[in-house]
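Structure first, then comments.
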Amino acid sequence: MTTSAHGFAPKSTALSHIRICDLTGLLAGAGATRFLAAFGAQVIRVEQPAHEKHRWDFLRGGMSPDGKQSGINFGGNFNNHNVEKLSITLDLKSPEGKALLGRLVSVSDAITENFSAHVMERLGCGYDWLKSMNEQIIYVANSGFGKTGPYSDFKSVGQVVQPVSGLTFMSGLPDQPPAGWGFAYMDHMGAYMMAMAVLGGIVARNRTGQGQWIDFSCTEAGIGLAGPELLDSTVNGRPMRRPGKPNSNSDNFPQMAPHGIYAAASDDSWVAIACRDDADWRRLADAIDEPWARDPALATFDGRMARRDDIDRQLGDWTRRRERGQIEGVIRQAGVPVAQVAKPEDRIENDVRTASWGLWPTVRHDEIGEIRVEGVPVHLSETDWSISRGAPCLGHDNDYVYGSLLGLSPDEIADLKDRKVI
């Protein structure tokens, strides 16, 4: 693969033979092509020119980490989700812009987008047109409800996908409204599944020689995460939220007692504890050394299940008098499953396991300088991922893509810039 204008060649060779024409944005789309770029694919982001009033990816804008600068290249989420990519600007509403997109599609393996369902068709760039540019193109469209069906005309964001798919209803305390998931969870899950769809399409193309259109519905992907609840309802006729159903702080499948999340001494500090069987209980009882835990009636599983609420209350009293690290140390030494409930900042700053995995690599951004970004939680022994280049500034690679890749002369590129096509 040709070295980009960034001056770096991809380090990972796993996908270095793949080129993606990337019209995605935000998190659900950009997160998908992020994985492909980390494994060496050449991902070329196609973005609206800076003069356009309404930018597709509003995550581009933001404040620099030091709080001293702001602008189109400083958005934190954007810079995390677009490492190792190239950026070109292109007015897709102009005939010349559409023609240039066609030329890029003709030399690409896949085109990806997460617009609302019918945007590409309105631009005149639907699958039939894409296929006329490249018979073998893999076109992956990620939208809230897919391009077909009764909901296809609706627009969506992650906070809508979650309640519609049923996930929001699954989270909450007894007698309280559904709590939701706290952030746009399906944006990230949608990205994982979209990346899989791209790779699946390319593998099939390599085997059959045929391109195809892959229609991906983020809402349907969310429904798939509710499998046990759907099965319980279908087979047993039981609703998700019902008397006796555990709340979000405990679980009774598989049946264990105690089995839950318990508060520690410091504010908003918790530990998870699980007793799998009678042997675990004996070890836990010895470790905490509390009179109530020596009650012979608690020695059996049935006895503990009958007094599960009492055990949770008394074990919670014990944990609240101790810090979570102390609790984890005592119970782990006893051989009982236990873990501190980590906060995100714990995993970044204080966790040697995360550091040893290289999960927060440092990259260099042209305007920000060195920043840490999210890595990939998987390692390949021979063709591992690599992230060293920061997200591209808007239009950073126009000269390389339009010149070296598509063969336009410097004068032609300058004319396109003057006329605001790029």
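When Ala184, Ala195, Ala221 are checked against the criterion of being free of Cβ contacts under 8 Å to residues at least 60 places away in the same chain and either buried (at least 16 other Cβ atoms within 10 Å of the Cβ) or touching a Leu at 6+ places or on another chain (Cβ under 7 Å) (or both), a single residue qualifies: Ala221. Inspect the range 132-139 for any residue being touching a residue at least 24 places away in the same chain (Cβ under 8 Å) and either of a type in the set (D, E, K, R) or within 26 Å of Val373 (Cα to Cα) (or both) and give the result as yes or no. Looking for residues that are touching a residue at least 24 places away in the same chain (Cβ under 8 Å) and either of a type in the set (D, E, K, R) or within 26 Å of Val373 (Cα to Cα) (or both), one finds at least one in the range 132-139, hence yes.
Taken over the range 31-58, the residue count meeting the criterion of being closer than 16 Å to Thr89 by Cα and either at pLDDT below 95 or among the charged types (D, E, K, R) (or both) is 13. Residue check: Lys98 meets all listed conditions (1) over 30 Å from Lys417 (Cβ atoms); (2) touching a residue at least 12 places away in the same chain (Cβ under 8 Å); (3) surrounded by fewer than 21 Cβ atoms within 10 Å (Cβ to Cβ) but one, namely (1).
Hey, could you check the range 146-158 for residues that are over 11 Å from Glu220 (Cβ atoms) and buried (at least 16 other Cβ atoms within 10 Å of the Cβ) and say which is nearest to the chain's Cα centre (by Cα)?
Residues of the range 146-158 that are over 11 Å from Glu220 (Cβ atoms), as a first pass: 147-148, 150, 152-158.
The next check asks that each one be buried (at least 16 other Cβ atoms within 10 Å of the Cβ); those that pass are 147, 152, 156, 158.
Working: Lys147: 22, Ser152: 23, Ser156: 17, Gly158: 11 Å.
So, considering only residues that are over 11 Å from Glu220 (Cβ atoms) and buried (at least 16 other Cβ atoms within 10 Å of the Cβ), the one nearest to the chain's Cα centre (by Cα) is Gly158.
Here is a list of conditions, (1) touching a residue at least 12 places away in the same chain (Cβ under 8 Å); (2) in contact with a Lys or Arg (Cβ under 6 Å, 6 or more places away or on another chain), and Ala299 meets all of them except one; can you say which number that is? Of everything listed in (1) touching a residue at least 12 places away in the same chain (Cβ under 8 Å); (2) in contact with a Lys or Arg (Cβ under 6 Å, 6 or more places away or on another chain), Ala299 misses just condition (2).
The values are calculated or read from the model by the stated rules, or taken from the named source; none is laboratory data. Everything quoted here is computed from the prediction, not taken from an experiment. In this analysis, Cβ positions are derived from the backbone assuming ideal geometry, glycine residues included, and neighbour counts consider all displayed protein chains.
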